[in-house]
1. Helix 11-22 versus the longest principal axis of the chain: what is the Cα-based angle in degrees, 0 to 90, to the nearest 10?
2. Starting from the Kirkwood Rh over alpha-carbon pairs, what translational D in µm² s⁻¹ does the stretch 301-347 have by Stokes-Einstein at 25 °C and 0.890 mPa s?
3. Going by average Cβ density within 10 Å per residue, which order do the peptides 284-292, 374-382, 272-280 take, highest to lowest?
4. In the chain, with Lys and Arg counted as +1 and Asp and Glu as -1 at Cβ, which of these residues, Asn76, Leu14, Pro25, has the Cα nearest the positive end of the dipole, that is, farthest along it?
5. Roughly how far apart, in whole Å, are the Cα centres of the stretch 110-137 and the stretch 336-404?
6. About its Cα centre, what dipole magnitude does the stretch 1-185 give when the only charges are +1 on Lys and Arg Cβ and -1 on Asp and Glu Cβ, stated in debye to the nearest 20?
7. Could you list the trypsin sites (Lys or Arg not before Pro) in the stretch 139-187 that lie in coil according to DSSP, counting only those with at most 10 other Cβ atoms within 10 Å of their Cβ?
8. With respect to the cross-link table entries Lys312/Lys367; Lys330/Lys413; Lys219/Lys400; Lys312/Lys413; Lys31/Lys100, which display a Cα-Cα separation exceeding 18 Å?
Amino acid sequence: MINFLTSFSPAFILIAAGIVAAFTPLYQGRKFLMIAAPALVLVLINIMYLNGDADGALGGYFQVAGIELTTIRIDNISIIWGNIFAFAGILNGIFGLHEKCKITDTSALIYTGAGLGAVFAGDLITLFMFWELLALSSVFIVWRGGKESYPAGMRYLAMHILSGVLLLAGAVIYGKATGSYEFNNIGIDAPGGKLMLLAFGIKAGFPFLHNWIQDSYPKSSVTGTVILSVFTTKLAIYALLRGFAGTEILIYIGGVMTVFPVFFAVLENDLRKVLSYSLNNQLGFMVAGIGIGSSLALNGVAAHVVVDILFKGLLFMSMGAVLHRVGTAKASELGGLFRTMPLTTLFCLIGAGSISAFPMMGGFISKSMIIAAMFEGHHYIVFGMLLFASAGVLEHSGIKVPYFAFFSHDSGKRPKEAPWNMLVAMGIASFLCIYLAWPWGGEFVGFKGLYAMLPHDTTTGAAEFHPYTADHVVFQMQLLMGAMFAFTFLKRFGWYPPERRAQILDFDWTYRRLGLNLLKWIDAMWTRLGALIIYMLKTMFGRIGTRLYHVFSPAGALSQAAPSGIAAVFTAAMLAALLLGAYLF
């Protein structure tokens, strides 16, 4: 049984289910596949993991152009991503039960399969193939968002194709230099290492490479944004952890990633775009933890990936429910929705508390592990940046999103509560956000199950961590209360930036405004240059034509009578030229 299972990657089950869904005429059949396929994969990968040896479950070997590919590697790192990816696939299926778009269902299944296939890849070539499939399948989800989503999808696709090209180039250089394509720790100094780091950085949303997240995610459909928030960026975190753990530059890149989204999220009116900036903020914590590379930090990264998928998915689901019922997610057009959408409001508040790292909620433990590892590594400046970012995420995702959507001024809108399937998906995510962080007698109730699967032993040694100490809880509450006071103070005195019906650009201004205007200028100059060249050619050929006419026309010079002596001179000259040529050649 196990040998049969390890002969092919479980990811192919989801990809095959997506292809079947594309040709399934029955709506119920597609929805069954949306839930059953990831549920089956969730069971299979755990059977394979539990029956594997010390190195995990390896298999799915086949040859391509003389290179042996390993499509299955389920070990103590990849199983964490595999479990949460498969579980997120189930939640996405439940949340999208009302969705009747065949393209979205098909793309979501293939997208989930590509994410799992990349996580379980044992070599760089297999990783590249699923890396590209991830981009190609997800862009259709972006395009289903409406008329504004097409150009965003094209920009999205361009960035991800660039990432794939860089990954392939780096992998080929690495393989030729080392003689191996195995996907293990690579390091920035390895041949092709910098190219692969940049490829992973694009999908992880490194500074100046991040705008595809804020550009495409808010323009996707109600269900599309929830699906997109799970796989691409978290796969990049997995790839960085697997290939570049302990790379010091990632500490500072991650620190910047946590801070800069805070300022743009405060100004943004579209609440789904606020959450997209918040996604960048949380990715920064993970990247910084990978840069530290200690046992505690890497455990924190793995744990934070799990809880981030849950609470960020929950927040995107709550805003998706608002968009589904009201038709907008703009803060300036919302408010007072708690009156008719109380359950959605409750679930949004749980997600907000989790991302803000309130004690006994999702992010409290995982984020604390990363911050503690940063302090133990004596990176005090970045440690301060993480504290500032923790307060900032409470302001824009913990307070701004639920406040402007459900409270604030009364917009007068009285929509129905979210559909039952959305409430079920949000309810499951809300339960896990609390369950995975709930302490009981000094022990973890839910979190100990996740703790047992983290890459490094958490019971002793450098990875040991106890989040529910009095000083840690008090310090965290002081940080949160300070951020809440700042928000209240600014709102009370009218200093908080108001909701504005405007499009906020950050680095994407360089190509969506400056670059576009530069191309328009080049086009205008080329048009003018072309017109000038055509005018000059017309003038030149016109003058040549006039001269030829004066020479060869019936009234021209050659038609006039000429003295007989001129003909004799021409004949003599031609004879002399002929004799000279015969003599020389």
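1. Its long axis makes an angle of about 70 degrees.
2. Working: Rh = 11.7 Å.
Once the numbers are plugged in, D ends up at 209 µm²/s.
3. Numbers: 284-292: 29.7, 374-382: 16.4, 272-280: 26.0.
Descending packing order for the listed peptides: 284-292, 272-280, 374-382.
4. The listed residue farthest towards the positive side: Pro25.
5. Here the answer is 30 Å between Cα centres.
6. Details: 9 positive and 10 negative charges, 150 e Å.
Its charge dipole is roughly 720 debye.
7. Details: sites: Arg144, Lys147, Arg155, Lys176; in loops: Arg144, Lys147.
Passing sites in the stretch 139-187 are Lys147.
8. Details: Lys312/Lys367 14 Å; Lys330/Lys413 13 Å; Lys219/Lys400 20 Å; Lys312/Lys413 25 Å; Lys31/Lys100 9 Å.
With Cα atoms farther than 18 Å apart: Lys219/Lys400; Lys312/Lys413.
Throughout, read-outs are computed from the coordinates displayed, never taken from laboratory work. Remember, it's a predicted structure, so these values are computed and weren't measured experimentally. Cβ atoms come from the backbone with ideal geometry, glycine included; neighbour counts cover every protein chain shown.
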